[in-house]
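The values are calculated or read from the model by the stated rules, or taken from the named source; none is laboratory data. These figures come from a predicted structure and were not determined experimentally. Cβ placement follows ideal geometry from the backbone for every residue including glycine, while neighbour counts extend to all protein chains displayed.
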Amino acid sequence: MALFPTSGTSPGTSPGGTSSGGASGIRTGVAGVGGLAGRAAGGQTFSPLAGITQRPPLSGGLPAASLGGKLQISNDEFVQLRDFIYAQSGIFIAEARKYLVENRLNNRIKALNLKSFGEYYYYLRFDPNRREELTKLFEVITTNETSFWRNPPQLQIFQDKVLTGELDKLRRAGQKKLRIWSAGCSTGEEPYTLAIILHEVLKSEISTWDIRITANDLSEAVLAAARKGVYSTYALRTTPRDIVTRYFIEEGGNYRIDPRMKRLIAFGPINLSDKMMLKRVERSNIIFCRNVIIYFDEEMKRQVIESFYDNLLPGGCMLIGHSESLHNISRAFKPEYHAGTIVYRKEG
Ligand SMILES: C[S@@+](CC[C@H](N)C(=O)[O-])C[C@H]1O[C@@H](n2cnc3c(N)ncnc32)[C@H](O)[C@@H]1O
């Protein structure tokens, strides 16, 4: 899978900066899913390409460039596609990552029998099958790298401080209802990890609570894998052994998540660039959005973080990825500094 961290510059400008952010983008955690590109995807829920009914003529200017059978992307084609992807998902692809767009989309263009990136752009905008293709495009350009027990120090703080504090507060108020939002949940490892931690903390008391973890992603393919809940040992590489033993069922070398965890989670598609969709998410006590906003430019980061702030209940907390920051993005939260992590609290 591709990995396209932002350079922090907006489309329409000419960003020169690059961002490291790790780059293999290769993940093998989900059993049977080595790479998600090209997989069939389900229904479409992204922002509609409203108001576009007629296909304009192709520019016809430059001939399609091809080197050794591989199509090359021109600067104009790159800018066109980059801005389109940004408008549809908020994911900003720095110019230095142009070659990744070229590499990753070659197969899609060939599969559709198209001759250039320009034709592909018009297909995405005007073809009757454009919605299905948009889903596939998202699968190609996003990275879904994730794992169970990702960032253990942060999860320890979540368990000991955030969750325990929130549960005590709710018990005292006589409201045993807890809502957690895992935004950008990829193939499910994050929300399942949270479900396991909830079981570990609440034990038999869990049956007396009304708990829901809302788990969303842009990609239908990763959500399908999440709902299936079968993982390879790679996905469990940082998970304590006894947790694996107690919460997974071994099946032919893979691991199936305990169905009790599934019952706590509602998986569904959400595009974080769609403000209206975000408004419809039930208000949360805790939000996890880890390793997602790194792909957005500053404007999109601000918009998404503001939506999370509005969604959080007073006193609620947000956790982001260890390489992500709210610097220059939001001053609305009260940061709480712990060893290895910052918890962002909405005061109230
Ligand atoms: C690197 S994974 C992180 C998964 C998990 N949160 C973790 O930290 O392990 C990033 C996920 O964000 C999703 N994503 C990227 N842009 C998104 C958007 N605009 N709306 C919803 N999800 C998005 C990707 O599809 C991908 O599954």
Filtered residue count, the stretch 282-335, keeping only those that are crowded, with 20+ Cβ neighbours inside 10 Å, polar (S, T, N, Q) and more than 16 Å from the ligand (Cβ to nearest atom)
1
Please state which of the following conditions Ala173 fails to meet, knowing it meets all the rest: (1) within 16 Å of the ligand (Cβ to nearest atom); (2) out of contact with any Leu (no Cβ under 6 Å at 6 or more places or on another chain); (3) at pLDDT 95 or above.
(1)
Top-ranked residue in the stretch 209-239 [being among the hydroxyl-bearing types (Ser, Thr, Tyr) and surrounded by 16 or more Cβ atoms within 10 Å (Cβ to Cβ); ranked as farthest from the ligand (Cβ to nearest atom)]:
Ser232
Is it true that some residue in the stretch 127-141 is closer than 17 Å to Ile320 by Cβ and out of contact with any His (no Cβ under 6 Å at 6 or more places or on another chain)?
no
Residues in the stretch 278-292: is at least one more than 19 Å from Ile342 (Cβ to Cβ), among the hydroxyl-bearing types (Ser, Thr, Tyr) and modelled with pLDDT of 95 or more?
no
Of all residues in the stretch 185-208, count the ones that are more than 16 Å from the ligand (Cβ to nearest atom) and part of a loop (DSSP other than H, G, I, E, B).
0
Ala183 vs. criteria hydrophobic (A, V, I, L, M, F, W, C), within 12 Å of the chain's Cα centre (by Cα) and either closer than 14 Å to Ile286 by Cα or buried (at least 16 other Cβ atoms within 10 Å of the Cβ) (or both):
yes
Output the number of the condition that Met276 fails; it satisfies all remaining conditions of (1) part of a loop (DSSP other than H, G, I, E, B); (2) of a type in the set (A, V, I, L, M); (3) over 15 Å from the mean Cα position of the chain (by Cα).
(1)
For Ala87, are the conditions met, namely being of a type in the set (A, V, I, L, M) and either under 20 Å from Gln303 (Cα atoms) or touching a strand residue (DSSP E or B) at 6+ places or on another chain (Cβ under 7 Å) (or both)?
yes
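Here's the yes/no breakdown for (1) out of contact with any Phe, Trp or Tyr (no Cβ under 9 Å at 6 or more places or on another chain); (2) assigned to a helix (DSSP H, G or I); (3) of a type in the set (A, V, I, L, M):
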| residue | (1), (2), (3) |
| --- | --- |
| Ala226 | no, yes, yes |
| Tyr234 | yes, yes, no |
| Arg246 | yes, yes, no |
| Arg260 | no, yes, no |
Taking Ser182 and the conditions (1) of a type in the set (Ser, Thr, Tyr); (2) within 11 Å of the ligand (Cβ to nearest atom); (3) closer than 23 Å to His338 by Cα; (4) not in a strand (DSSP E or B), which numbered condition does it fall short on, given that it satisfies the others?
(4)
Any idea how many residues of the stretch 240-280 are farther than 21 Å from Thr193 by Cα and within 16 Å of the ligand (Cβ to nearest atom)?
10
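One line per residue, one yes/no per condition, for (1) touching a residue at least 60 places away in the same chain (Cβ under 8 Å); (2) within 16 Å of the ligand (Cβ to nearest atom); (3) under 18 Å from Ala87 (Cβ atoms); (4) not charged (D, E, K, R):
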| residue | (1), (2), (3), (4) |
| --- | --- |
| Pro128 | no, no, no, yes |
| Glu145 | yes, yes, no, no |
| Phe148 | yes, yes, no, yes |
| Gln154 | yes, yes, no, yes |
Could you tell me which of the residues Glu166, Glu189 is closer than 13 Å to Phe288 by Cα, in contact (Cβ under 8 Å) with a residue 12 or more places away in the chain and acidic (Asp, Glu)?
Glu189
Test set (1) surrounded by fewer than 17 Cβ atoms within 10 Å (Cβ to Cβ); (2) polar (S, T, N, Q); (3) within 16 Å of the ligand (Cβ to nearest atom) - Asn103 fails condition number:
(3)
